[in-house]
Each structure stands twice: as structure tokens, then as C-alpha cells.
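The structure appears right after this line, and notes come after that.
The values are calculated or read from the model by the stated rules, or taken from the named source; none is laboratory data. Only a predicted model underlies this, so the values are computations on that prediction, with no experimental measurement involved. When we count neighbours, we look across all protein chains shown, and the Cβ atoms used for this are built from the backbone with ideal geometry, even at glycine. SASA here: full protein model, heavy atoms, side chains in, ligands and nucleic acids out. Shrake-Rupley method; radii C 1.70, N 1.55, O 1.52, S 1.80 Å.
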Amino acid sequence: MKRIFCCILAGVFCLVLLIGCQGKGEKAQAAEAASSSSSKQIEIWFVTPLIAHPVWLDAKTAFEQACRDYGINGSWVGPVGIDIDEMIKQIDLAIASEVDGIITMPLNPEAMRPALKRATDAGIAVVLMNSDDPQVERLAYLGLGNKNFGETQAVTALKYLNGRKPVIAAMVADLTQASAREMLQAAEAKFKEAGDYEWVQTVEGASELSQELQKYQDIFTTYPETNVVLNIVADGASAAAKVMEERGFQSVAIIGISDMEDTLAYIEKGTVYATLTENYPRMGYQPVTWLYEYLTEGKRPANIVNDTGTVVVTQANLKTYKQELSDRSLWK
């Protein structure tokens, strides 16, 4: 942080000298040079939980674009598979490299908190996304609004059912995950508000496709009347769709999470009704904007906690929703 402000002061000093010896038409060029000199000193690391996962690559593309737009040195680092220890290692490497900002997702807040506190103690600005930890002195958090997501899942399913009584099953990655519980509670409250409903089962998928397929086999065997399937696990919607197709079931509102390639293919076929995706391009781009403004101007985001927004993807907007995700004028 101190290094950046020193660079800014040096840039201003050089600008004054240049103005003294240049004509009026060259002042803008001098100002641009000074600004460029200071911004190039900023270095930000994005410590992702999955360095090459298709969903996170959307964030990577946006992150790299933001770094180009602001003239920032950006590094995209993290494990190939979920590995908390590797994420912690990358945070510590960022601290040792004296970076100016870190963007990351504290998948396990308790385990990652000490490393993040080491970063903030070193004067590094931290932005968290997709999983918050209020005990970290973060500049901002950007992620899904759990209540909004759950309510939107329910509203989307009710639209599909068009007056039929909802008979609901749900799958989450981890039954102990607080955010998933909050989403399902919000969804159930919305179903209750709409009228009569039945919630038959919530199961754990553990992000293993083979397990998810078996769980949906069991659900459709035990509760063949199920007509709503809510997923808070990335491959859940495609697993439910595969089982549904094998059994010849129809008229089931399968609602997914994230825009996984298989899920989108099933939406195109009409087997999956919709998926609700968080805005990964926004999670890649906006934290860079916040960090740049803070590091160069001392400006903080208006809110510490920020919702990425939830976009419902159906056949109607399957070809255009990516444009919506990348439209910065819609980021509120």
C-alpha cells in the first residue's frame, strides 16, 4: 500500500516537472504517463478454488480483462481440485511476494482465516467472494444472496408447475453447508406462501456424479410423484435429468445451479427447465475495480456485502444470458 502511494507521489512530481518544460498540448500526455506509471505497480492475485474448472474460467476471463483495463499485474492461481491447503499456500506466497491485493473464496473459513489475517496484517487489501467470512477485515464480499437465490428457485418452479401442487426433492453438496440450508429455507418459505406443497427429501450429492445418479434413482423410486427437483450442487440437474430420461418421466421442474455445459445441453433439450447461475464474470471483474479504486484513491465500495445477482437461464434466454452476465450496467 505504501509503495503504491509513493509511486503516485513520484508520478505527480514527474508530472510537475514535465508541465514546466512542455507546451500546453503535451500536458494530457504527461498526466497519462504518470497515471500509467503508478497503476503498473499494482499487483493482484486471484486465488481460485478451482484453477481450470469451466465455471471459474468465466471469472478468469473477466479478471484478466479487468487487469488489462486498469493496467494491473494480475495472477490467477489455485489448485486443480478442491484443496484448502493449496489455497492457503498460494495466499502465503502472495504475502511473500508483497502483492497489493488478494481476491479469494474462503471455502473453509476457519481453516483459511489465519492466512487471510496474515494478509491483512501485512497491509494487503482482501476481497472475498462466493463464501464470506466477517471475521476477516475484508474490503468487500461479492457472492450469491442466499435468500434471493432460494426464493428465485421456488418462483421458477412454481411458474413451471402452473398451479399444480409442488412435490419437492432437493440435493445439496454438503448437508452441513450453512449457505445451502439458507437457500432451501428461503425456497420452502416461498412454496408455503404459495399454498399447499410437499417436501419429500433433501439429500447430499457430495459433488460426485455417480452418487448423484444413485440418489436420484432412489428419490424417483421412493417418491415417483416428485415434480420439483432443486439442486444446490453443480452436476445435480444433469444427474436428475439423466435418471428422468431413463425412466421416461415428464413434467418435472428440474432446477439447477450454475451454467454447467451438461446442464445447458439438457435445458436446450427441454429435460431441465432452468438453472440459476451466479455471475462469475462479475466476480472476476468487479473485485479488481474495487481494489484499484481503493489502492489508488482510498475509495471503498459502498457496501461491504454485495449480491452478484441471480440469473435464471431457460430455453428463452439460453443463447443470450451470457451477455446479461457481462453487462456491467446491470451490476447493482
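Using alpha carbons only, how many degrees (0 to 90, rounded to 10) separate the axis of helix 84-96 from the longest principal axis of the chain?
10 degrees
Computed FRET efficiency, Cβ-Cβ of THR176 and ILE84, R0 22 Å: what is it to the nearest 0.05?
Once rounded, the FRET efficiency stands at 0.90.
Rounded, prolate or oblate: which one fits the stretch 126-240, using the alpha carbon gyration tensor with axes a ≥ b ≥ c (rounded when a/c is under 1.5, else prolate when a/b beats b/c, else oblate)?
Oblate, because a/c is 1.5 or more while a/b does not exceed b/c.
With unit charges on the beta carbon (Lys/Arg positive, Asp/Glu negative), name the residue among THR222, GLY256, TYR141 whose Cα is farthest towards the positive pole of the charge dipole of the chain.
Positive-most Cα among the choices belongs to TYR141.
Once you sort the root eigenvalues of the Cα gyration tensor of the chain as a ≥ b ≥ c, which label holds: rounded (a/c under 1.5), prolate (a/b larger than b/c) or oblate (the other case)? Walk me through the numbers on the way to the answer.
On the way: a/c = 2.78, a/b = 2.19, b/c = 1.27.
Prolate, because a/c is 1.5 or more and a/b exceeds b/c.
Can you give me the C-alpha center-to-center distance between the stretch 283-318 and the stretch 219-247, rounded to a whole angstrom?
Answer, in whole Å: 33.
How many angstrom lie between the Cα centre of the stretch 144-200 and the Cα centre of the stretch 256-270?
Going from one Cα centre to the other spans 19 Å.
Keeping every protein chain present and rolling a 1.4 Å probe, give me the accessible area per residue for the chain in Å².
So the chain comes to 47 Å² accessible per residue, rounded to a whole number.
Is the stretch 43-146 rounded, prolate or oblate when judged by the Cα gyration tensor, a ≥ b ≥ c being the square roots of its eigenvalues, rounded requiring a/c under 1.5 and prolate requiring a/b larger than b/c?
Note, shape of the stretch 43-146 comes out rounded.
Mind putting a number on the dipole of the stretch 135-233 about its Cα centre? Charges go on the C-beta only, +1 for Lys and Arg and -1 for Asp and Glu, and I need it in Debye to the nearest 20. Walk me through the numbers on the way to the answer.
Working: 9 positive and 13 negative charges, 68 e Å.
Using only the charged Cβ atoms, the result is roughly 320 debye.
So if I place +1 on the C-beta of Lys and Arg and -1 on the C-beta of Asp and Glu, and nothing else carries charge, what would the dipole magnitude of the stretch 273-322 be about its Cα centre? I want it in debye, nearest 20.
140 debye
Working out 0.36 nm times the residue gap between THR222 and GLU297, then minus their Cα-Cα distance, what length gain in nm do you get to one decimal?
Working: separation 75, 0.36 × 75 = 27.00 nm, distance 5.97 nm.
Length gained between THR222 and GLU297: 21.0 nm.
Using modelled backbone amide H atoms (1.01 Å from N, in-plane), which distant-in-sequence or interchain residues come within less than 5 Å of ALA274's amide H?
Sorted by chain and number, the residues that satisfy this are ILE254, GLY256.
Please give the length that would be gained between SER251 and LEU57 if that part of the chain were fully extended, namely 0.36 nm times their separation in residues minus their C-alpha to C-alpha distance (nm, one decimal).
66.5 nm
Under 19 Å Cα to Cα from LYS319, which aspartates and glutamates show up? Leave out anything in the same chain fewer than 8 places away.
Result set, ordered by chain and number: ASP58, ASP259, GLU261, ASP262, GLU268, GLU278, ASP327.
Quick check: net charge around THR120, other residues with Cβ under 12 Å of its Cβ, Lys/Arg +1 and Asp/Glu -1?
Charge balance near THR120 sits at +1.
Given the pairs LYS190/LYS299; LYS190/LYS322; LYS60/LYS190, which are separated by over 30 angstrom at their Cα positions?
LYS190/LYS299; LYS60/LYS190
Taking 7 Å along the Cα-to-C-beta vector as the label spot, tell me the GLN135-VAL305 distance in nanometres, rounded to one decimal.
Here the answer is 1.7 nm between the modelled labels.
Picking from ALA194, SER238, ILE304, whose Cα lies most toward the positive end of the charge dipole for the stretch 173-313 (charges on Cβ: Lys, Arg +1; Asp, Glu -1)?
Positive-end residue among those listed: ILE304.
Tell me the accessible surface of ILE232 in square angstrom (1.4 angstrom probe, heavy atoms of protein chains only), to the nearest ten.
20 Å²
Using the Cα centre of the stretch 72-199 as the reference point, and only Cβ charges (+1 on K/R, -1 on D/E), how large is the resulting charge dipole? Debye, rounded to the nearest 20.
540 debye
Rounded to a whole number, what % of the accessible area of the chain do carbon and sulfur atoms account for, probe 1.4 Å?
Working: 7900 of 15540 Å².
Carbon and sulfur atoms account for 51 percent of the accessible area of the chain.
R0 = 51 Å: FRET efficiency of GLN201 with ARG68, Cβ-based, nearest 0.05? Write out the running numbers ahead of the final one.
Working: r = 48 Å, r/R0 = 0.93.
Once rounded, the FRET efficiency stands at 0.60.
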